[in-house]
Amino acid sequence: MRHFILALLTYFALAAQVACGSAFAVSECRIPLMWLPVLLAMTWFDDARGIAWAAVIGLIADGLSNGRFGQEMLATTLAASLLLPLLPEPRSRSALPMFVWQFALIGSGLLVSHGYGSLFNGNGPLLLSALPQMALEALAGAFVFSIGAKLIEAISKPVAQAARL
């Protein structure tokens with residue numbers, strides 16, 4: 001059931017990012033909707049399955065983006081594999097350590113994605129002046145995920161219990 005929900009969320013998040021990504025922007029800050037299913041995969045599957053889902057989501061995002069192919073897959077896979085050991089324990093997952101971990105995952109993924117993209121798209125290296133913008137985007141993404149995760153848990157628990165009956 002989790003794989004199905006994750007596949008649907010991936011589809012909707014990437015479709016919304018492509019169709020109306022600029023509509024979700026506040027000033028220059030865009031909410032990175034692509035990272036929401038990555039975060040969900042990493043929290044639901046805290047092993048190699050989470051990294052595999054992150055790679056698949058990055059590959060699908062690469063197919064929908066106009067950048068270099070492999071850029072988003074590299075960013076999602078690298079961020080997921082590096083930050084998986086830092087995932088808070090399930091029994092001690094309070095709000096603050098989990099929020100910091102989500103911010104770190106999105107922030108490091110954006111940093112790798114923009115840094116890699118700026119080098120190979122001919123834009124020059126990533127400047128320090130771009131870091132506050134990426135931090136704001138990561139903060140917005142972590143905040144949206146926190147709210148969305150609570151909604152998904154509230155919806156999926158009754159559905160899973162009904163499926164067991």
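Please treat every number below as a calculation from the coordinates, not as lab data. Please read these numbers as outputs of a predicted model, since none were measured by experiment. Neighbour counts run over all protein chains shown; Cβ positions are idealised from the backbone, glycine included.
For the reader, a short list of remarks on this structure follows.
- Calculated FRET efficiency for the pair Leu96/Ala19, C-beta based, R₀ 35 Å, to 0.05: 0.55
- Summed side-chain charge close to Tyr116 - residues other than Tyr116 whose Cβ falls under 13 Å, Lys, Arg +1, Asp, Glu -1: -1
- A crude spin-label estimate for the pair Leu131 and Arg68, with each label 7 Å from Cα along the Cβ direction, gives 2.3 nm.
- Simple spin-label estimate for Met1 and Arg164 in nanometres, 7 Å along Cα-Cβ: 0.8
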